[in-house]
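In what follows, a structure is listed as C-alpha cells, so that the remarks can point back to it.
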Amino acid sequence: MADAASYDLIVIGAGPGGYVCAIRAAQLGMKVACVEKADKLGGTCLRVGCIPSKALLHASEKYESAKHHFKDLGIELSGVKLDLKGMMGHKEKVVSANTSGIEFLFKKNKVDWLKGEGKILGRGKVSVAGKTYETKNIAIATGSDVISLPGITIDEKQIVSSTGALTLEKVPDRMVVIGAGVIGLELGSVWSRLGAKVMVVEYLDRILPGMDNEIAKESQKILTKQGLSFKLGAKVTSAKPSSKGVELSIEPAAGGPAETLHADIVLVAVGRKAYTDKLGLADAGVALDERGRVKTDSHFKTNIDGIYAIGDVIVGPMLAHKAEDEGVVLAEMLAGQSGHIDYNLIPGVVYTAPEIATVGKTEEQLKAEGVQYKVGKFPYLANGRARAMNATEGFVKILADAKTDKVLGCHIVGAEAGTLIAEVVIAMEFGASAEDIARTCHAHPTLEEVTKEAALAVAGRPIHI
Ligand code: NAD
C-alpha cells in the first residue's frame with residue numbers, strides 16, 4: 001500500500017536530464033514528481049559542473065585579458081588584481097540563480113520536488129525519506145559521478161575532482177591535472193590563467209581522445225602557448241599527499257623508468273561513471289551493462305516495464321544537452337507521442353579559449369569506415385572580424401561526402417566555436433550539402449563567415465585565401 005501521493009511519472013534525479021523530463025511531462029498533462037537528495041535542484045551540471053565552471057572560465061578569461069591582452073587593443077590598465085573570493089562569489093551567485101530557477105519552473109509546472117534519496121521498490125513504487133509513492137512510470141536520471149585511479153584517493157583538498165577544483169581557496173603554485181579530456185583542459189585553463197603552473201598528464205599520446213586529431217593537435221599548440229604544459233603517453237601510478245604537497249609517480253605508458261612530479265594540487269579528470277548507488281536496482285531486477293550503466297532499449301525502457309532511464313546513467317556521451325533531449329523524448333513517448341534523437345548530431349564543446357567544437361564524424365572515423373570524403377578548411381586568420389577581435393587562432397574544418405557533398409562532420413577550434421557549430425548542426429539535421437552552407441548568405445563581418453569559407457573550400461573555391 002502506498003502511504004503518499006501517487007503519480008503518472010516519478011523522475012529520480014533533478015539534473016538536466018531529470019528536471020527537463022519532469023517539466024516536459026508536466027506540460028503534457030502528467031502528474032509528476034522529481035526526487036532529488038541534494039539541497040539544490042539542477043544536478044551536477046548546475047551545482048558543480050557546467051555552470052560553475054563556465055562562470056570561472058568566463059571570469060578567469062576576463063582577468064587574463066585585462067592583465068595581458070587589453071594593451072594589444074590600446075587599453076592601458078594598471079594594478080589589475082585577482083580577488084579570488086570575489087570570483088568565487090560570482091560563481092556562487094550564478095549557481096544559485098540557476099538552481100532556484102529550476103525550483104521556480106517546478107512550481108510553475110506543478111512538479112513536486114520529493115526531497116531525499118529515491119529508492120525503487122519495484123515496478124511502480126518509489127520510496128523517498130521513509131514514504132512510499134505509487135507511480136505509473138519511473139525515470140532514472142541519476143547521472144554520473146567522478147572516478148579516480150587505483151591508488152589515488154580524492155580528498156577534495158590536495159587531490160581534487162572537478163568539484164574540488166571549483167572551490168580552491170587559493171591559487172596553487174603548481175597544479176598537475178591527470179587526464180587531457182574536457183574537464184582537465186577547462187579547469188586546467190582556469191587555474192593557469194589565475195597564475196598556477198599547470199601540467200597536464202595524459203595516458204594517451206594525444207589530448208582530447210575521440211575528437212578530430214587535427215583539431216586536438218592545434219588545440220594543444222594553442223594551450224601550450226598559453227602556458228599549459230603537457231606530458232603525453234604517461235601513466236600516473238600514485239599520488240601521495242603530505243604537508244609539503246603531493247608527490248606523483250609517473251611511468252611512460254609504453255613502459256620505462258618512473259619519474260616523480262610534485263604539485264600543490266592534483267586534479268583527477270580521468271572520466272566519470274554512471275551513478276546508481278542505493279537506487280535499489282538489483283532488488284528491483286533492473287539490468288546494468290558491463291560498465292555499470294542502466295541498460296535500455298532505443299526507447300529508454302529498461303528490462304522492467306514502466307522503468308526508464310536517460311542521461312549519463314545510460315550509454316552515450318555524458319553531456320547535459322544529450323540528457324535534456326532524452327528527457328524531452330521520453331516524456332513525449334510516455335504521452336503517446338513519438339520522438340527521435342540523432343546521436344551522430346550531438347555537438348560537443350570544450351570551453352577553453354578559444355573554444356573547441358565538434359559535430360558528426362571525425363576524419364579518423366571516416367577513414368576507418370572507408371567513406372570517401374572531401375575536406376574544406378578555413379583559418380580565422382583570414383577573417384576580418386577575427387582580426388578586429390584579435391582572435392585569429394584556429395580554423396573551421398568541414399568534412400563532406402566526396403560524391404554527394406553531404407556534410408558529414410564539422411570541427412572547429414577558434415573564437416566562439418561553440419556558437420558557430422550550431423549552424424552546422426542544423427544544416428546537418430536537414431541533410432545539407434557543403435554547397436548549401438556555402439551559398440547561404442552570411443552576415444559580414446562575422447566569425448560565421450569562417451564556416452562559410454570552409455564550406456566553399458570543400459569545393460576548392462574559398463574567396464579570401
Ligand atoms: P574525459 O573522458 O573527457 O577525459 C579523460 C581523460 O583522462 C582521457 O583523455 C583519458 O585518456 C585520460 N586518462 C584516463 N586514465 C588516465 C591515467 N591513468 N593517466 C592519465 N590519463 C588518463 O573525462 P573528463 O574530462 O573527466 O570528463 C568527464 C565527462 O564529463 C566526459 O564525458 C565529458 O564529456 C563530460 N564533460 C563535458 C564538458 C563539456 O561538454 N564542456 C565539460 C566537463 C565534463
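Below, the figures for the structure above:
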item: Cα→Cβ-extended label distance, 7 Å offset, between Ser96 and Asn213, nm; result: 5.0
item: All-pairs Cα distance distribution in the range 35-97, expressed in whole percent, bin size 10 Å; result: 20, 39, 24, 12, 4, 0
item: Alpha-carbon gyration tensor eigenvalues x 5, square-rooted, for the range 159-270, Å; result: 21, 18, 11
item: Distance (nanometres) between label positions extended 7 Å along Cα→Cβ at Leu381 and Lys81; result: 4.0
item: Viscosity 1.306 mPa s, 10 °C: Kirkwood-radius Stokes-Einstein D of the range 345-458 over Cα pairs, µm²/s; result: 116
item: Fraction in percent of alpha-carbon pairs per bin - 5 Å, the range 10-149; result: 2, 9, 16, 16, 14, 11, 8, 7, 6, 4, 3, 2, 1, 0
item: Additional length obtainable on full extension of the chain from Glu429 to Gln372, 0.36 nm per residue less Cα span; result: 18.5 nm
item: Calculated [θ] (222 nm, deg cm²/dmol) that DSSP helices of n ≥ 4 give over the chain, each run adding -39,500 (n - 2.57); result: -9500 deg cm²/dmol
item: Per residue solvent-accessible surface (Å²) - the chain, probe of 1.4 Å; result: 46
item: Under-5 Å amide H pairs with Lys235, H placed in peptide plane, nonlocal only; result: Glu251, Ala253
item: For peptides 14-23, 343-352, sequence by mean Cβ density within 10 Å, most packed first; result: 14-23, 343-352
item: Segments 286-292, 298-304, 194-200 sorted - mean Cβ within 10 Å per residue, highest first; result: 194-200, 298-304, 286-292
item: Coarse-grained scattering of the chain at q = 0.08 Å⁻¹, given as base-10 log I(q)/I(0) from a Debye sum over alpha-carbon atoms; result: -0.53
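The values are calculated or read from the model by the stated rules, or taken from the named source; none is laboratory data. Computed from a prediction, not measured in an experiment: that's the story for all the values here. Neighbour counts run over all protein chains shown; Cβ positions are idealised from the backbone, glycine included. Heads up: the accessible areas ignore ligands, DNA and RNA and are worked out on the full protein's heavy atoms, side chains in. Shrake-Rupley method; radii C 1.70, N 1.55, O 1.52, S 1.80 Å.
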